[in-house]
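The values are calculated or read from the model by the stated rules, or taken from the named source; none is laboratory data. Every value quoted in this text rests on a predicted model; they were computed, and no experiment measured them. Note: ideal-geometry Cβ built from the backbone for every residue, glycine included; neighbour counts use all protein chains shown.
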Amino acid sequence: MERKMMSQLVTWKDQPGRKPLLLTGVRQCGKTYLLKQFGGEYFEDLAYFNFEEDDTLCSIFEHDLKVERIIDELGNIMRGKEILPGKTLLVLDEIQTCPRAITSLKYFEENMPSLHVIAAGSLLGVTIGKGGISFPVGKVSRLQMYPMSFEEFVIADGGKRLIQGLRKADINHGLSEAYTIPLTKYLKFYYIVGGMPAAVKQWIDSHQLEPVLRIQDEIIKDYADDFAKHAPVTDLPKLRLIWESIPSQLAKDNHKYVFSHVKTGARAKDLEDAMRWLVDAGLIHQLYLVEKPEIPLSAQANTSSYKVYLSDTGLLCRRMKISPKAILEENDLFIHTKGALTENYVYTQLISMGIPAWYWQSNANAEVDYLIEGDASILPLEVKSADNTKAKSLRLFCKRYGIPEAVKTSMKNVGWSQMDETKVWSIPLYMLFNMDRFVNVNN
């Protein structure tokens with residue numbers, strides 16, 4: 001299955017002044033598979049070590065952090081084959097298990113820069129986030145990996161020509177049914193299957209949903225098991241409370257995360273550490289409120305007010321116990337929940353494209369789903385789950401702040417219209433990955 005991150009790894013490989021690379025990402029999003037594929041295709045040799053699979057590896061880093069000795073013991077002793085700079089890719093997987101190995105990356109950068117080194121780990125973000133280790137600041141590059149995007153899902157399922165066609169389709173006129181019908185179908189299945197590679201592979205192999213749902217159940221169980229294995233004991237009850245509350249919080253009309261809805265009387269300061277653990281583990285994403293839309297939006301963010309989304313829409317669909325039939329047949333009883341699912345989908349796609357976003361809300365109960373920074377401007381993005389694209393809040397926002405361009409994403413066909421002084425692009429939900437063809441975004 002093609003992953004767009006492969007091109008970023010190739011760029012890193014050939015980069016002048018390259019540093020060791022830290023690859024983070026939620027468990028089971030495909031990091032190990034991609035790194036092995038990268039090593040096999042772009043290097044003469046792959047030296048792969050997994051700290052969770054072999055607990056003796058950590059002892060190599062305990063005595064000292066001399067790179068020559070470490071390389072000799074990893075290569076000649078552990079695998080019986082020399083590790084050669086310029087020819088070998090060294091992969092240190094699940095490195096969060098050995099903090100000294102994380103520290104050693106500094107010395108790889110300083111003393112053996114010609115060796116390609118990648119460190120990865122599903123809970124590496126948690127280890128870095130909690131501190132307490134000597135982190136090699138300024139000595140490593142970092143990449144974050146996510147579940148498969150809708151674009152990657154369609155390509156994996158045999159729809160590469162559709163994706164290629166969208167990239168050159170006339171965006172000033174509507175797409176034909178040759179595009180809209182199959183892509184609408186793909187989108188429905190993506191809502192159900194999501195982007196976890198194991199679930200996607202099962203779908204591609206069988207095109208049966210039942211085995212896909214069983215895999216999703218296993219992944220969700222594995223995540224819960226991670227809480228017990230890796231989270232602080234004092235945070236464990238809070239982690240479970242927050243994790244279990246996310247589907248119901250998303251189902252509310254106002255998706256703002258409210259801690260008192262997790263547990264009666266609960267306050268933010270009591271649960272924030274547990275929330276941060278879930279964010280650092282890559283399981284959830286936070287979308288912050290911006291009340292005063294000025295550039296840079298990051299400086300205007302209210303970090304005490306945010307929405308929470310799950311890292312994978314398929315897992316959210318499963319956790320919300322939404323029947324696949326309701327999605328495929330567009331059951332009227334599913335309309336309300338579909339809005340939350342669609343917002344989650346849009347945010348995960350923006351994240352996979354590397355596009356930061358915030359949301360806006362006024363005291364008059366007007367709200368714009370996402371704000372994105374463009375070239376010296378702010379781009380509002382309104383989300384609709386069907387083809388009804390009336391958006392009073394969007395009009396209010398654009399008029400109040402003199403916005404030149406805006407985006408509505410829905411099931412409506414591609415095109416544009418004039419709303420007062422604002423040009424509004426209509427981008428179908430299944431074409432969101434191609435948004436840079438319509439508007440300028442900073443990513």
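Laid out as a table, the results:
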| read-out | value |
| --- | --- |
| Given (1) at positive phi; (2) of a type outside the set (Phe, Trp, Tyr); (3) without any contact (Cβ under 8 Å) to a residue 24 or more places away in the chain, number of the condition LYS399 does not satisfy | (1) |
| Residue count, segment 357-373 (criterion: surrounded by 16 or more Cβ atoms within 10 Å (Cβ to Cβ), in contact (Cβ under 8 Å) with a residue 60 or more places away in the chain and not charged (D, E, K, R)) | 8 |
| Sole exception among (1) more than 30 Å from ASP235 (Cβ to Cβ); (2) crowded, with 17+ Cβ neighbours inside 10 Å; (3) touching a helix residue (DSSP H, G or I) at 6+ places or on another chain (Cβ under 8 Å); (4) assigned by TED's automatic domain parsing to the domain that holds VAL10 for PHE135, by number | (1) |
| Hey, THR184 free of Cβ contacts under 8 Å to residues at least 40 places away in the same chain, among the β-branched types (Val, Ile, Thr) and on the phi < 0 side of the Ramachandran plot or not | no |
| Qualifying residue in segment 76-90 (condition: in a loop (DSSP other than H, G, I, E, B), charged (D, E, K, R), in contact with a Phe, Trp or Tyr (Cβ under 9 Å, 6 or more places away or on another chain) and at pLDDT 95 or above) | yes |
| Residues that are buried (at least 17 other Cβ atoms within 10 Å of the Cβ), at pLDDT 70 or above, among the aliphatic types (A, V, I, L, M) and farther than 17 Å from SER311 by Cα, drawn from segment 223-266 | ALA231 |
| Residue among ILE335, ILE327, ILE322, ILE351 that is part of a loop (DSSP other than H, G, I, E, B), of a type in the set (A, V, I, L, M, F, W, C) and surrounded by fewer than 21 Cβ atoms within 10 Å (Cβ to Cβ) | ILE322 |
| Number of the exception - ARG161 against (1) in contact with a helix residue (DSSP H, G or I) (Cβ under 7 Å, 6 or more places away or on another chain); (2) part of a helix (DSSP H, G or I); (3) farther than 21 Å from PHE61 by Cβ | (1) |
| Subset of segment 233-248 (residues that are out of contact with any Phe, Trp or Tyr (no Cβ under 8 Å at 6 or more places or on another chain) and more than 18 Å from GLN286 (Cβ to Cβ)) | VAL233, THR234, PRO237 |
| Close pairs (6 angstrom Cβ cut-off, 6 or more residues apart or separate chains): in contact (Cβ under 8 Å) with a residue 40 or more places away in the chain and assigned by TED's automatic domain parsing to the domain that holds LEU289 in segment 301-324, part of a strand (DSSP E or B) and hydroxyl-bearing (Ser, Thr, Tyr) anywhere | ALA301/TYR288; TYR306/TYR288 |
| Test: residue in segment 37-59 that is part of a helix (DSSP H, G or I), over 30 Å from the mean Cα position of the chain (by Cα) and either exposed (fewer than 15 other Cβ atoms within 10 Å of the Cβ) or not aliphatic (A, V, I, L, M) (or both) | yes |
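Table: residues versus (1) surrounded by 17 or more Cβ atoms within 10 Å (Cβ to Cβ); (2) without any contact (Cβ under 8 Å) to a residue 60 or more places away in the chain; (3) not β-branched (Val, Ile, Thr).
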{"residue": "ILE378", "(1), (2), (3)": "yes, no, no"}
{"residue": "LYS384", "(1), (2), (3)": "yes, yes, yes"}
{"residue": "PRO404", "(1), (2), (3)": "no, yes, yes"}
{"residue": "VAL414", "(1), (2), (3)": "yes, no, no"}
{"residue": "ASN434", "(1), (2), (3)": "yes, no, yes"}
